[in-house]
Amino acid sequence: MDADFLIIGGGIAGISAAARLSKLGSVLLLETEAAFAHHASGRSAALFEPHYGAPAVVGLSMASEPDFRAREGVLSPRGLMLVAKADAREAFDHDLKAMAFDQISVAEAQAIVPILNPDIVAYAGHATHAEDVDTDLLLQGFLREARSRGAQALTGAKVTGIEKLADGWRVTSAAGTFTGRMLINAAGAWVDQVAVMAGIKPLGFTPNRRSMARIPAPGGHDVSGWPMMFGPGEDWYAKPDAGALIVSPAEEHPMDPHDAWADDMVLAEGLARYEEMVTESVTRLISNWAGLRTFAPDRVLVIGRDLREPSFFWLAGQGGYGFQTSPAASRLAADLIAGRAPEIDPGLVTQLSPTRFG
Ligand SMILES: Cc1cc2nc3c(=O)[nH]c(=O)nc-3n(C[C@H](O)[C@H](O)[C@H](O)COP(=O)(O)OP(=O)(O)OC[C@H]3O[C@@H](n4cnc5c(N)ncnc54)[C@H](O)[C@@H]3O)c2cc1C
């Protein structure tokens with residue numbers, strides 16, 4: 001066997017798994033693209049917001065926090081602000097409670113973000129618990145950890161064929177043919193395609209596109225200390241990023257796996273929702289992009305051995321939480337593969353298991 005663990009996918013899921021699994025045996029990671037993190041992992045908003053998502057996702061994000069804290073410089077303060085118009089009271093109240101915000105006055109909100117339009121913004125909420133993630137530092141940290149223990153991570157290695165052997169797997173890739181004892185499916189939007197290639201029943205993942213625009217700092221303000229702002233029901237958000245602002249329409253448009261790009265019309269409509277809430281109009285875009293957020297039918301990550309083929313391991317459905325859950329998700333994967341009791345709550349392990357799909 002070339003490796004104990006063959007990992008398909010060089011995004012945050014595959015790379016964090018490589019770091020953990022390199023403690024248990026030999027690792028070979030295969031990535032289609034010429035660089036790691038080319039797809040969803042290179043296109044995120046880079047936020048750690050532990051209250052975001054379904055309860056099992058929140059559990060995994062919370063369980064990731066100590067690991068993040070131990071990685072110097074990966075997290076830095078950001079905060080969140082929810083702003084709503086007068087006709088959005090119900091949605092505002094829902095989000096305020098769900099995401100543990102404090103309600104503040106519009107004047108207080110304006111003191112933090114001076115471009116808020118007091119004629120339009122009727123309600124505001126604020127929280128300090130969300131933080132920026134230095135995604136590159138996190139990825140490079142995991143990659144370094146994996147390689148320091150002998151893991152091999154290959155780019156330009158698209159897997160095109162997967163064959164079951166008596167004691168493992170043989171994969172055909174653009175970088176050659178390799179054998180491994182266990183296959184870890186961390187292929188992001190392509191996880192169901194990889195399963196089908198391996199003769200495994202797909203679980204029904206949906207890649208959803210989300211677009212993003214980078215705009216110059218509004219009105220020339222120093223935006224570095226502003227919180228991430230969003231509308232109720234998450235129908236847009238804006239976040240300071242390297243001296244500019246990234247603004248997303250926060251759409252969820254299902255599509256087949258592909259190298260995603262922003263939809264101009266969707267972007268324009270999202271920018272209009274943001275613009276309505278502020279006093280500075282958007283005059284130009286610096287750049288734009290889109291990524292696929294891939295969800296299981298119940299929007300909870302899928303981590304565990306396949307029900308019918310235990311040498312096929314799912315590390316999938318990271319949705320909009322792939323970075324903030326990666327420390328605990330990759331640790332859980334290693335715990336399950338090692339056959340040791342997971343560090344996280346057993347109830348959570350069950351909620352994440354692929355066996356829930358039968
Ligand atoms: C706009 C946007 C904002 C987001 N904001 C946040 C955020 O603030 N916080 C957060 O935690 N998450 C966020 N996310 C989600 C996060 O980016 C994803 O959950 C995460 O990147 C998924 O990682 P992954 O490794 O599963 O997938 P990917 O990064 O897509 O990696 C999968 C890799 O598998 C490779 N692959 C597929 N098929 C094959 C094959 N046959 N052979 C070899 N390689 C293959 C692909 O080339 C790809 O590189 C956001 C996502 C988007 C799009």
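Of the residues GLY225, GLY220, only one is out of contact with any Pro (no Cβ under 9 Å at 6 or more places or on another chain) and more than 30 Å from THR32 (Cβ to Cβ); which?
Among GLY225, GLY220, only GLY220 is out of contact with any Pro (no Cβ under 9 Å at 6 or more places or on another chain) and more than 30 Å from THR32 (Cβ to Cβ).
Looking for something more than 12 Å from the ligand (Cβ to nearest atom), among the β-branched types (Val, Ile, Thr), assigned to a loop (DSSP other than H, G, I, E, B) and touching a Lys or Arg at 6+ places or on another chain (Cβ under 8 Å) - is there at least one such residue anywhere in region 270-284?
no
Per-residue answers, yes or no, for (1) assigned to a loop (DSSP other than H, G, I, E, B); (2) modelled with pLDDT of 95 or more; (3) among the basic types (Lys, Arg); (4) more than 9 Å from the ligand (Cβ to nearest atom):
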| residue | (1), (2), (3), (4) |
| --- | --- |
| ILE15 | no, yes, no, no |
| LYS23 | yes, yes, yes, yes |
| HIS38 | yes, yes, no, no |
| SER41 | no, yes, no, no |
| ALA45 | yes, yes, no, no |
| HIS51 | yes, no, no, yes |
| GLY59 | no, yes, no, yes |
| ALA63 | no, yes, no, yes |
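Can you find even one residue in region 297-319 that is assigned to a strand (DSSP E or B) and not assigned by TED's automatic domain parsing to the domain that holds ALA146?
Checking region 297-319: not a single residue is assigned to a strand (DSSP E or B) and not assigned by TED's automatic domain parsing to the domain that holds ALA146.
Can you confirm whether region 105-115 contains a residue that is more than 16 Å from the ligand (Cβ to nearest atom) and acidic (Asp, Glu)?
Among the residues of region 105-115, at least one is more than 16 Å from the ligand (Cβ to nearest atom) and acidic (Asp, Glu), which makes the answer yes.
Under 6 Å by Cβ, and 6 or more places apart or on different chains, what pairs join a residue from region 169-186 that is without any contact (Cβ under 8 Å) to a residue 60 or more places away in the chain with one that is within 11 Å of the ligand (Cβ to nearest atom)?
From residues that are without any contact (Cβ under 8 Å) to a residue 60 or more places away in the chain, the pairs are THR172/THR160; THR172/GLY161.
Test each condition in (1) in contact with a helix residue (DSSP H, G or I) (Cβ under 9 Å, 6 or more places away or on another chain); (2) closer than 21 Å to ILE200 by Cα; (3) within 10 Å of the ligand (Cβ to nearest atom) for ALA260 and report the one that comes out false.
(2) is the only condition that ALA260 fails.
For LYS239, all conditions in the list (1) part of a loop (DSSP other than H, G, I, E, B); (2) farther than 20 Å from ALA37 by Cα; (3) within 11 Å of the ligand (Cβ to nearest atom) hold save one; what is the number of the exception?
(1)
Run down LEU301, LEU336, LEU348 and say which single residue is among the aliphatic types (A, V, I, L, M) and within 16 Å of the ligand (Cβ to nearest atom).
Answer to the check: LEU301.
Could you please tell me which pairs satisfy a Cβ distance under 9 Å, a separation of 6+ or placement on different chains, a first residue in region 275-293 that is without any contact (Cβ under 8 Å) to a residue 60 or more places away in the chain, and a second residue that is of a type in the set (A, V, I, L, M) and assigned to a loop (DSSP other than H, G, I, E, B)?
GLU275/VAL282
Going through region 65-99 one residue at a time, which ones are assigned to a helix (DSSP H, G or I) and of a type in the set (D, E, K, R)?
The answer is GLU65, ASP67, ARG69, ASP87, ARG89, GLU90, ASP93, ASP95, LYS97.
To keep it simple, each residue is scored yes or no on (1) within 14 Å of the ligand (Cβ to nearest atom); (2) assigned by TED's automatic domain parsing to the domain that holds ASN288.
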site	(1), (2)
LEU154	yes, no
LYS158	yes, no
ILE162	yes, no
ALA195	yes, no
ALA217	no, yes
PRO227	yes, yes
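Take GLU276 and tell me if it is more than 30 Å from TRP169 (Cβ to Cβ) and more than 19 Å from the chain's Cα centre (by Cα).
yes
Would you point out the residue of region 110-148, among those that are within 26 Å of the chain's Cα centre (by Cα) and assigned to a loop (DSSP other than H, G, I, E, B), that is surrounded by the most Cβ atoms within 10 Å (Cβ to Cβ)?
Looking at the filtered set, the residue picked out is ALA130.
The values are calculated or read from the model by the stated rules, or taken from the named source; none is laboratory data. As the structure is a prediction and not an experimental result, all values here were calculated from the model. Don't worry about glycine lacking a Cβ; one is built from the backbone with ideal geometry, like all the others, and counts go over all protein chains shown.
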